[in-house]
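Notes to accompany the following structure.
Just so it is clear, none of the values below were taken in a lab; they were calculated from the coordinates. Quick caveat: nothing in here was measured; it's all calculated off a predicted structure. Using ideal geometry, Cβ is built from the backbone for each residue, glycine included, and neighbour counts are taken over all protein chains shown.
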Amino acid sequence: MTAWKKITALAVSGLMIAGLAACGSTGSSADGAAEANGGKLEVVASINQWGSLAEDLGGDHVEVTNIMNKTNVEAHDYEPTSQDVAKFHSAQVAIVNGADYDSWAAKAAQDTKATLVTAAETAGIKDGDNPHVWFSAKVRSNTADAITAAYQKADSAHKDDYAELNKDWHAKADKLEAKIKETSAKTKSLPYAATESVAAYLADDLQMKDATPNGYAQASANESEPTPTDIKKFQDALKSGNIKMLVLNTQESNSTTEQIVDAAKSSDVPIVELTEQMPAEYADLLDWMNALVDQFAAAAQ
């Protein structure tokens, strides 16, 4: 039996025991779950940025659990516990990122009764594509609408409330889009390089030009080590002034990225630091994106 199957079996076994224990009580197990949750929809999200969106769109009608909250954990390599799997089995709505970013979550959501929302799929982004889709305005908007539809399906009694919350969210998102459009007047065609293509979708929305040296970019995309030649070409590009901004994923900092950062600093190239998971200081996904757009705007001056 594989480790994953063992985890799933343990989780399902625990749920079956809980269900048998509830047989002597009145009402269905679903009703019991709803009562335990204060009548709220039970929602589980693989990563906190999508969980924050789920909370904004559900308001007081939902109880959202995020599996990943910390910026020092790599989502690609995360190994779920039996408790994590159990959360997917008890959820009415499950939200995953997709594009092979959190395949463990997609597996956990299989064979459950939860309505599944896969963010990447809302924009036709597939396995092998850049999986950091929460940086994309299109994916954020499409995913918001997919979550609202899932809520309305699972809780039709509050259909109008979910529609109103969706409208409120889009009003905030429109303000962010206006800021992105305004900022793109400064960043359009601005050559930037990145230690990883984490924020590529946001850079695209800002109409920036990716000038990351090909060898380094390909190594990063393949999760392999860049060659000394790749690193030197990156350093030389920074020193030459051909790159006007460096985007650094601090969640994946290592000796190689430190060499790149040192070259950027010695050449006075502005650095935008960010993480993959949403830092705790931000209220929600839009709040985080607003702050990042401000950082890009400041670095472009």
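Just a few scattered comments:
- ALA280 being in contact (Cβ under 8 Å) with a residue 12 or more places away in the chain and not in a helix (DSSP H, G or I): yes
- Residue count, the range 92-151 (criterion: buried (at least 19 other Cβ atoms within 10 Å of the Cβ) and free of Cβ contacts under 8 Å to residues at least 12 places away in the same chain): 0
- SER224, sole failed condition from (1) more than 22 Å from GLU74 (Cα to Cα); (2) surrounded by fewer than 17 Cβ atoms within 10 Å (Cβ to Cβ): (1)
- Condition check for GLU63 on (1) more than 12 Å from the chain's Cα centre (by Cα); (2) closer than 22 Å to HIS170 by Cα; (3) buried (at least 22 other Cβ atoms within 10 Å of the Cβ): one failure, at (3).
- When the residues of the range 155-165 are filtered to those that are crowded, with 20+ Cβ neighbours inside 10 Å and touching a Ser or Thr at 6+ places or on another chain (Cβ under 8 Å), the one that is nearest to HIS61 (Cα to Cα) is TYR162.
- Selection count, the range 187-232, where residues are part of a helix (DSSP H, G or I), closer than 19 Å to ALA291 by Cα and polar (S, T, N, Q): 1
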